[in-house]
Every structure is written in C-alpha cells, then in structure tokens.
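Quick note: the coordinates plus some simple rules give every number you see, no bench work behind them. Keep in mind it's a predicted model, so treat the numbers as computed, not measured. Glycine also receives a Cβ, built like all others from the backbone with ideal geometry; neighbour counts cover every protein chain displayed.
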Amino acid sequence: MPRSSARRACLSASRAVLVRARDALRQRHAQTVSLGELAALTGLSRYHLVRAFAREFGLTPHAYQIHFARQLSARGGSSP
C-alpha cells in the first residue's frame, strides 16, 4: 500500500474511533463520562484522545459534552 493510502486508511480509522467517543458522549449527555472510560472505549491513551478529539471536533471531550447538553436543553431536550 503506498504511503499516502496507508495514511488515509489510518486517518479514516482514527476518525471512526473518535466518532465512537463522540457518540458515547451524546448518548450519555446527562451523565458524567470519564476520560478513562472514553480512552478504554477507543483504545487510545487519555492524552492522545483529548488531543485527537479536539483536533477533529474543535472541543475537548468534556467541553463537547457540555456544549451538546446545552444544545439539547435549548431545543427542549429533544434528540438531534
């Protein structure tokens, strides 16, 4: 596999892992989700997870969960 193809495959897999973490935050928006739980879910270290998540979604996992919960509250609590 050429180097650029391997990099794209890796980035795609990384995005899928981060989407899994984002989805977990969305599903459990009313609960506290620890960074350790998300790290275990994704298979990433806590440090790498925070950096990659922020790079992908523009917020850290904790900030994303707060932002998402506020959006839901503003919409009257309905699911997105």
Step through the residues of segment 16-28 one at a time and calculate ³J(HN,Hα) from phi using the Karplus curve (6.51 cos²θ - 1.76 cosθ + 1.60, θ = phi - 60°), rounding each to whole Hz and writing x for Gly and Pro.
4, 5, 5, 5, 4, 5, 4, 5, 5, 5, 5, 5, 10
What is the distance, in nm, between label points placed 7 Å from the Cα along the Cα-to-Cβ direction at Ala40 and at Asp23?
1.9 nm
